[in-house]
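Written out below as structure tokens is the structure these notes cover.
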Amino acid sequence: QELLVESGGGLAQPGGSLTLSCTASGINLDYYVIGWFHQAPGKEREGVSCIVGRDGSPIYSDSVKGRFIISRDKVKNTVYLQMNSLKSEDTGVYYCATELGSIGALWPSVYDYWGQGTQVTVSS
């Protein structure tokens, strides 16, 4: 059983939308920060957004601020990333990850558990 499982990736046109899901098992997300990370082809993994499980406080990178929305569903133990106004630069693999704690951060190195990733392609 995977600790974190991402889903929802696919193909979208520029300006379109996708919603990614990250479902956790075996942990209570109230005690974690949950982050979304983007890895474009040939580039390093970069933080996109995170949410503090305890109180829902979000953080967004400058590149997605105003376009993406992170949210959580406590009953489903799932965190979502609503991706709007998609650009070709958003293409890549998106990973969710968790960090034990309650202070949000977008540096990949501070996260402990990672999902397998889901592919997003933005193309006309």
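Every read-out reported here was derived from the displayed coordinates using simple, explicitly stated rules and does not represent laboratory data. The shown structure was predicted, so the numbers you read here are calculated from the model rather than taken from an experiment. Positions of Cβ are backbone-derived with ideal geometry, glycine not excepted, and every protein chain shown enters the neighbour counts.
Inverting the pair-averaged 1/r between distinct Cα atoms of segment 17-86 gives 12.5 Å as its Kirkwood hydrodynamic radius. State the cysteines of the chain left without a partner when partners are defined as other cysteines whose beta carbon lies under 4.7 Å away. Unpaired cysteines in the chain: Cys50. Modelled label positions at Gln13 and Asp112, each set 7 Å beyond Cα in the direction of Cβ, lie 4.5 nm from each other. All C-alpha to C-alpha distances of segment 60-124, sorted into 5 Å bins beginning at zero, yield P(r) values of 4, 13, 21, 29, 21, 9, 3, 1, 0 percent in whole numbers. Remark on segment 9-54: hydrodynamic radius 12.9 angstrom, per the Kirkwood mean of 1/r across alpha carbon pairs.
Modelled spin-label separation between Lys76 and Val5, with each label point placed 7 Å from Cα along the Cα-to-Cβ direction: 1.3 nm. Rounded to the nearest 0.05, what FRET efficiency is calculated for Lys43 and Ser102 with R0 set to 25 Å and r the Cβ-Cβ distance? My answer for the efficiency is 0.25.
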